[in-house]
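The values are calculated or read from the model by the stated rules, or taken from the named source; none is laboratory data. Computed from a predicted model, the values in this text were never measured in an experiment. We place every Cβ from the backbone using ideal geometry, glycine too, and count neighbours over all the protein chains shown.
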């Protein structure tokens, strides 16, 4: 084996020194460069994953907020429709009451007018009876005074 090493011109001590130097270099680079770079990459990956999770959560929250907004709007719309319907019903009831009161007033006015007309008719009849009685008395007086 020594002959093989001599044939290629390999110096054992130099090879050992270079192997030690290479090992020290690998150990130094691993300790001072490779591990910190891996740590930075791992932190960056965790940060990106956190950002993705946060974005998904924000998207989920936005969808939930939109759903709640639609539910609130639908509830408000239903409530508004109910209020309008109740207002229409109250309006119809008030209208019916007003119509009933107006009819009652018109009937009362009509009855009052009929009573007044009957009273005027009775008064006119009484006055005409008095006038006829006077005329009859005057005619009777004229006839008696003529005889």
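Observations on the structure shown:
- Of the numbered criteria (1) touching a helix residue (DSSP H, G or I) at 6+ places or on another chain (Cβ under 8 Å); (2) exposed (fewer than 10 other Cβ atoms within 10 Å of the Cβ), the one residue 8 fails is (1).
- Selected residue (criterion: modelled with the lowest pLDDT) from residues of segment 97-147 that are part of a helix (DSSP H, G or I) and loosely packed, with under 10 Cβ neighbours inside 10 Å: 146
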